[in-house]
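The values are calculated or read from the model by the stated rules, or taken from the named source; none is laboratory data. Bear in mind that the values here come from a model prediction, so they are computed numbers and not experimental data. Please note: Cβ atoms are built from the backbone with ideal geometry, for glycine as well, and neighbour counts cover all protein chains shown.
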Amino acid sequence: MISRVLTYSDKINLPPNVLKLFGSNIIMSDLKSNKVSKLYEDIKRAKISLQGKKYDILRKNAVEDSEQFWEQQAKNLVWFKYWDRTLTWDPPFAKWFAGGSLNASVNCIDRHMDSQFKNKAAIIWQGENEETRTITYYQLFKHVNIFANALKSLGVKKGDRVIIYLPMVPEVVIAMLACARIGATHIVVFSGFSAKALADRANDSESKVIITADGGYRRGKIIELKKIVDESTLSIPSLEKVIVLKRASNDIKMTNMDVWWHEIVQNEQQYCKPEILASTHPLFILYTSGTTGKPKGVLHSTGGYLTHLYATTKLVFDFRSTDIFFCTADVGWITGHSYVVYGPLMHGITEIMYEGTPDYPTTDRYWAVVEKHGATILYTTPTALRMYIKFGDNTPKSFDLSSLRLLGTVGEPINPDVWQWYFETIGKGNCPIVDTWWQTETGGIMLSTCTGIDDTIPMKPGSASFPVPGVDMAIVDEHGEVVDANKKGYLMVKKPWPGMLMTLWRNDNAYQDLYWNKFKGMYYTGDYALMDEDGYFWLLGRSDDVLKVAGHRLSSMELESTFVSHKAVAEAAVTGRLDQKKGESIIAFLVLRSDYPPTEELRKVLTDHVRKTIGPIAVPEGIYFVSKLPKTRSGKIMRRLLKSIANREDSIGDLTTLEDNTSVDEVKHVFNQLKNEIVE
């Protein structure tokens, strides 16, 4: 495995040519001196394979003729009719496989009915209370067809919009595929959102049906989803029906608009003929979190989106028929859409759906699920991993994780120290790690090592590696010019790609302004990045997550990574406080590992650590020790909320995306608890 991994915890005296090869800024591990020469020879061989073999060649050819590459990938799907033209590009609007027709549900379930996967487990579901269900592809096929007919009986037709507001249960997948089958555009809304957030999305999309449940479970409590829907329906004029799944059996009130899921499916036929849909037909709208303003309705197509997912799931994860894939994302977010539902099901993979949180009722949930169901691939967030590090190594080491063959991360860049822990403690040094970068807007993975092409390529901890084949990316300066190696700039996509959003729902102008006007002809990701001399991409955080301290621009991610590189720190979040002299001063919120108590001495040690690592300009004005950081359900730290705390603001703004947000009152309690936990 040493030829695959470049990960080291202590700096040692490696030969200069090795340091040059991988960059002296990479954190290095404790290796005995008699292994150094062997390490160098292994690394050199791996480097040769990178430069001369199929991985580099495929990426080069796929970028030079990306349309041909994506056309070949699209042929892996089931089409009713092939396309007339691979790409129609009218910047910034793209139509992929125009003239072609297909159906997403056919590609996820029908295609397996005459194959070896028919009676294979499609979904292994585990509830928070250890309840489990297994659904085969044949059973999923029947459930989807029956529910699709039920939707049609309620008047839902091609082109209608349907809100899906369900907990993390198999019915959310059934509902999504049933909508796709009849040509209705689904809008999945995370089940922790408030009534107002739900109504905003339903009104913007003019949805006619909401699919919900009586309640859902979260940290041992019942989230009363139906009551939240009842509150929202008062302000949704387009709404005609509410379908209610019996899940928690809590008391609810049924109105004339409401129907029970189990009742409407009782007498429906077991087959629903799928709609023949254009490749450009809107498969779904997914609203962005809205932490900085009104949520944006990201609109994705059918043919292009499915092509991107089919390709990236195979290229990145190297799916095999025996795989059991555990993606920990909620279906309410894009990762859940792409790599819980559509991607794995198209490949006939068995996937694990987990209802609960990673630390309830005990701090071993992910490891227990991996052991119980024999997961072979784990795809999770750096945020979850940092939380587990805080609890120590004894818990994961008490579980049999030997079934794992591949590890993945998503949602944000991973700190090298966290990468190292993931590789050694969870993967036991035997599992490659695919660190993936992508967005709601991109639809699927854009940057990652591709184990489906070559799994001997050296991995650099903290780097997302390379663009996936067919994706052309660059890092540019303020003038749109490509920067030299190891220089920070804006991460851009130079060519259209199949998974890209078609537009923002009913807002073409905002789509153009937000994503395409910063540098003409290129898609603006909003992220900072750099590319090293070996072509590896390093994400440096959002371009708006920059602190201006005495005229110096400091990246929040760089500061946070510096804190996390200290052995006492499990998680870090950095924000700015207004300062009359310096413009902004640095405020750090830190979650410590369990065996490090918060003390004034530790605060001084960490301050010195920052001074030595970055420089005096980065020394924080305040370091606050907290038990947890406020995050969205997708695992992103809500820095805006932290900034409000740091600046002693009275209002904390929109909290609809905050993790565990079952009610506004509960969220305010979390906010106040965080403030009270600060050790001054």
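Remarks
- Residue within the range 208-215 that is free of Cβ contacts under 8 Å to residues at least 12 places away in the same chain and either under 30 Å from LEU77 (Cα atoms) or touching a His at 6+ places or on another chain (Cβ under 8 Å) (or both) present: no
- The single residue among GLY480, GLY535, GLY521 that is surrounded by fewer than 22 Cβ atoms within 10 Å (Cβ to Cβ), assigned to a loop (DSSP other than H, G, I, E, B) and not assigned by TED's automatic domain parsing to the domain that holds THR312 turns out to be GLY535.
- Test for GLY343: is it small (Gly, Ala, Ser), touching a residue at least 40 places away in the same chain (Cβ under 8 Å) and either part of a helix (DSSP H, G or I) or within 17 Å of PRO170 (Cβ to Cβ) (or both): yes
- Hey, TRP89 touching a residue at least 12 places away in the same chain (Cβ under 8 Å), surrounded by 21 or more Cβ atoms within 10 Å (Cβ to Cβ) and either closer than 23 Å to GLU441 by Cα or not assigned by TED's automatic domain parsing to the domain that holds ILE276 (or both) or not: no
- Selection count, the range 581-601, where residues are of a type in the set (Lys, Arg) and surrounded by 11 or more Cβ atoms within 10 Å (Cβ to Cβ): 2
- Residue check for THR350: buried (at least 22 other Cβ atoms within 10 Å of the Cβ), farther than 28 Å from LYS221 by Cβ and hydroxyl-bearing (Ser, Thr, Tyr): yes
- The conditions of being hydroxyl-bearing (Ser, Thr, Tyr) and farther than 29 Å from PRO469 by Cβ are not met by TYR310.
- ALA94 vs. criteria within 21 Å of THR503 (Cα to Cα), at pLDDT 95 or above and among the hydrophobic types (A, V, I, L, M, F, W, C): yes
- Any chance TYR342 is at pLDDT 90 or above, under 27 Å from ALA572 (Cβ atoms) and surrounded by 23 or more Cβ atoms within 10 Å (Cβ to Cβ): no
- Members of the range 100-140 found to be at pLDDT 95 or above, exposed (fewer than 15 other Cβ atoms within 10 Å of the Cβ) and touching an Asp or Glu at 6+ places or on another chain (Cβ under 9 Å), listed by number: none
- Just so you know, in the range 411-428 the residues that are among the β-branched types (Val, Ile, Thr) and at pLDDT 95 or above include one that is surrounded by the most Cβ atoms within 10 Å (Cβ to Cβ), and it is ILE426.
- Figure legend. Inter-residue proximity from the range 61-80: first residues farther than 24 Å from ASN103 by Cα, second residues surrounded by fewer than 14 Cβ atoms within 10 Å (Cβ to Cβ), beta-carbon distance below 7 Å, spacing 6+ or different chains. No pairs are indicated.
- Filtered by the rule that a residue be hydrophobic (A, V, I, L, M, F, W, C) and part of a helix (DSSP H, G or I), the range 378-406 gives ALA384, LEU385, MET387, ILE389.
Listed here are the residues, each with its yes/no results for (1) under 16 Å from SER565 (Cα atoms); (2) in a strand (DSSP E or B).
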site	(1), (2)
LEU578	no, yes
ILE586	no, yes
PRO597	no, no
GLU601	no, no
LYS604	yes, no
HIS609	yes, no
ILE617	no, no
ILE623	yes, yes
LEU629	no, no
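To keep it simple, each residue is scored yes or no on (1) out of contact with any helix residue (DSSP H, G or I) (no Cβ under 9 Å at 6 or more places or on another chain); (2) of a type outside the set (Asp, Glu); (3) under 29 Å from PHE563 (Cβ atoms).
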{"site": "TYR422", "(1), (2), (3)": "no, yes, yes"}
{"site": "LYS428", "(1), (2), (3)": "yes, yes, yes"}
{"site": "GLU478", "(1), (2), (3)": "yes, no, yes"}
{"site": "TYR490", "(1), (2), (3)": "yes, yes, yes"}
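- Pick from the range 151-161, criterion surrounded by fewer than 24 Cβ atoms within 10 Å (Cβ to Cβ) and hydrophobic (A, V, I, L, M, F, W, C), ranking: farthest from the chain's Cα centre (by Cα): LEU154
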